[in-house]
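S.K.: My structure is below; once you've seen it, I'll send some questions.
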Amino acid sequence: MLRLILAALALALSPLAAAAQTDTLKVAISQRFFWDSSFVEFAEKAGFFKEAGLTVEPFYTDGGAATLTTVLSGSTDIGLSNGLLGVIGAYVKGAPVRVISAQMTGAGELYWYVKSDSPIKSFKDPSIKTVAFSSPGSSSNLILLALLKQAGSGAKTVATGGAPATLTQVMTGQIDVGWAAAPFGLKQLNEQQIRVVARTLDVPQLANQTIRVNIANENALKTKRAAIEKFMRVYARAIDWAYENPRAIEIFAENMKLPPDIAKKAVSEFYPKAGLQIGEIKGLDLTLQDALDYKYIPAAKTAQDIAPLFDIVYKPGK
């Protein structure tokens, strides 16, 4: 009888034990509903976090600067899709942040556009007065600076936040040139309301440069390292799932209010899977030179100087 009672008690307590073993992580994600900001949602819908014993509490921001702020304050453990320039700038100032993976290498989904009736054809047009990017230190900030430098343009750069707010500012004449990430704006492009004047691909050297990274609060990495490593394993699994399972395109299309064929085209043309590798920070020397040129750091730094910033917790295939 005692054995039966003990067995019954163990069975009754087993869900509590399982719950106690579930790790909880707070995650800030830049720009909701973009393809590369959807992997947490995909992992949740596919049940990957539950399988890994993780509870993820996502929080969406309008750009990398806001995401970085939540991580530095300790209000979130992990920040996804942060411009590496801003992260380096914060680290050099002593901020408690670590890069735990690459997020986007190349950033081919970003483009700049004008209203269809604008006379502006390219960034070389001297009539451009204002050009948008999302937030200081973001990938759109870095790429815009490179585009303007290449074009020899002296246009004023303006942080306009998210893509929807930027579109409003362009259409109402507050900004000459707006920024967006596909598939946002494809509907307006198809309807000839706007016209593309520049893309990341116009600066060839950016193709092999890691533009965005995933980060963690330094203290969270010390106290929750095992959970953060599990998170990154799930994140990598979600990327694979997204490129293999048609359900991902369906979710993406529903979120962006796009026909599935346009959503699929956007992913195939603007988000090559190779650009989403998470195991290696590429082109760091170029990024450090950019950080110096664009005054994100006060003096030149080498990769060795900032080596402690990088703590890649999981490398797929290893």
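S.K.: Can you tally the net charge around residue 164? Count Lys and Arg as +1, Asp and Glu as -1, for every other residue whose Cβ sits under 13 Å from the Cβ of residue 164.
M.R.: After counting each charged neighbour, the total is +2.
S.K.: Turning to a different aspect of this structure: If the limit is 18 Å between Cα atoms, which of 124/156; 45/187; 26/222 go over it?
M.R.: 45/187
S.K.: Percentage of Cα-Cα pair distances in region 110-207 greater than 16 Å, rounded to whole percent?
M.R.: Counting pairs separated by more than 16 Å, the tail of P(r) holds 49 percent.
S.K.: Hey, another quick one. Per 5 Å bin, what is the whole-percent P(r) computed from every C-alpha pair distance within region 186-234?
M.R.: 5, 14, 13, 10, 10, 12, 11, 11, 9, 4, 0
S.K.: If you don't mind, there's one more thing I want to ask. Kindly give Rg over Rh for the chain, based on alpha-carbon atoms, with the Kirkwood expression for the hydrodynamic radius.
M.R.: Computed over Cα atoms, the ratio is 1.04.
S.K.: Write down the Kirkwood hydrodynamic radius of region 180-283, to one decimal in angstroms, obtained as one divided by the mean of 1/r over all alpha carbon pairs.
M.R.: Taking the inverse mean of 1/r over all distinct Cα pairs, region 180-283 comes out at 16.2 Å.
S.K.: Could you give the distance between the Cα centres of region 123-197 and region 43-77, to the whole Å?
M.R.: 28
S.K.: Separate question: Springs between alpha-carbon atoms under 10 Å, Gaussian network over the chain: tell me which of 67, 302, 55 tops the mean-square fluctuations.
M.R.: Highest fluctuation of the listed residues: 302.
S.K.: Could you please report the charge total around residue 229, scoring K, R as +1 and D, E as -1 over all other residues with beta-carbon less than 11 angstrom from its beta-carbon?
M.R.: So the environment of residue 229 carries a net charge of +3.
S.K.: On to the next question. Quick check for me: using +1 on Lys/Arg Cβ and -1 on Asp/Glu Cβ, what's the dipole size of the chain about its Cα centre, in debye to the nearest 20?
M.R.: That gives the chain a dipole magnitude of about 220 debye.
S.K.: Near residue 46, within a Cβ-to-Cβ distance under 13 Å, what is the net charge of the other residues, with Lys and Arg +1 and Asp and Glu -1?
M.R.: Residues close to residue 46 contribute a combined charge of -2.
Any read-out appearing in this document is the output of simple, stated calculations on the displayed coordinates, not a laboratory observation. As the structure is a computational prediction, the values presented were derived from the model and not from experiment. FYI the Cβ positions are ideal-geometry reconstructions off the backbone, even for glycines, and counts take in every protein chain you see.
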